[in-house]
1. So with the 1.4 Å probe, I'd like the accessible area per residue for region 1-134, rounded to whole Å².
2. Could you compute the FRET efficiency for Ala37 and Ala169, with r as their C-beta to C-beta distance and R0 at 41 Å, rounded to 0.05?
3. Have a look at the chain and give its Rg and Dmax from the Cα atoms, expressed in angstrom.
4. Of the residues Met118, Met29, Met78, which exhibits the maximal mean-square fluctuation in a Gaussian network model of the chain defined by a 10 Å Cα contact cut-off?
5. Estimate the FRET efficiency between Thr106 and Glu63 by the formula 1/(1 + (r/R0)^6), using the beta-carbon distance for r and 30 Å for R0, to the nearest 0.05.
6. Which residue, Gln49, Ser122, Gln105, has the largest displacement toward the positive end of the dipole of the chain when charges sit on each Cβ (Lys, Arg +1; Asp, Glu -1)?
7. Just report the Cα centroid separation between region 45-61 and region 84-161, whole Å.
8. Rounded to a whole number, what % of the accessible area of region 1-133 do carbon and sulfur atoms account for, probe 1.4 Å?
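The values are calculated or read from the model by the stated rules, or taken from the named source; none is laboratory data. Since we're looking at a predicted model, the values are computed, not measured. Virtual Cβ from ideal backbone geometry, glycine too; neighbours counted across all protein chains shown. For accessibility, only protein heavy atoms count, side chains too; no ligands or nucleic acids. Shrake-Rupley method; radii C 1.70, N 1.55, O 1.52, S 1.80 Å.
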Amino acid sequence: MAKRRTRWFIPTWTLVALGLLLNVLSAVMTNFYIDDATRQANELIQQQQGNEKLITLIWQQTETVERKREHVLELVAMSEMQGVPLPETIQNQVIHALSYWLPNQTVMVTVSDIPELMEQLSVVQFELRENINQLYLDNVELIEIYSDKMKSISQLRNLALFLQILGLALVLSRDLNRRDYKYK
């Protein structure tokens, strides 16, 4: 008794429909999920670049405060060496320039007030450096999130490409099926 081999038969239209469905699914993934994830990744990069610019600006402010500090010390030292107090117009200009950095504090530009003034400016610089540190840590976190997002995007693109190729293969099976019928 000869064994009869059973052959599985799947209708061609089913394969074509499944192939088309996989291609549509790939297109939907690309247009909605991948594009949205790419947009989010771009926003992360923009936020990181904004933080970098802000770090640069804050660092310039820190250097400005240091220059103000040095300038005040030079003026006070010169007035002490000459034995005359700073002229009132110069003193007012220095106080006005420092009031931007010390808005809620009384600024005095005399030898006896220098230690307190220098301490106040040190606090301002410390706060500016803390802002820089926080922005830097934020950027490190953004880089990690961006890296994860790009990994996810890559996986989704690979899946979409796989679905597209599989769908195309199933659609092309229709032509192979016709050729099989011709040769039977």
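1. On a per-residue basis, 74 Å².
2. Computed FRET efficiency for Ala37 and Ala169 comes out at 0.95.
3. Expressed in Å, the Cα Rg and Dmax of the chain come to 35.8, 127.
4. Of the options given, Met78 has the highest mean-square fluctuation.
5. Efficiency, rounded to the nearest 0.05: 0.75.
6. After comparing all options, I get Gln49.
7. Between the Cα centre of region 45-61 and that of region 84-161, the gap is 11 Å.
8. That share works out to 59 percent.
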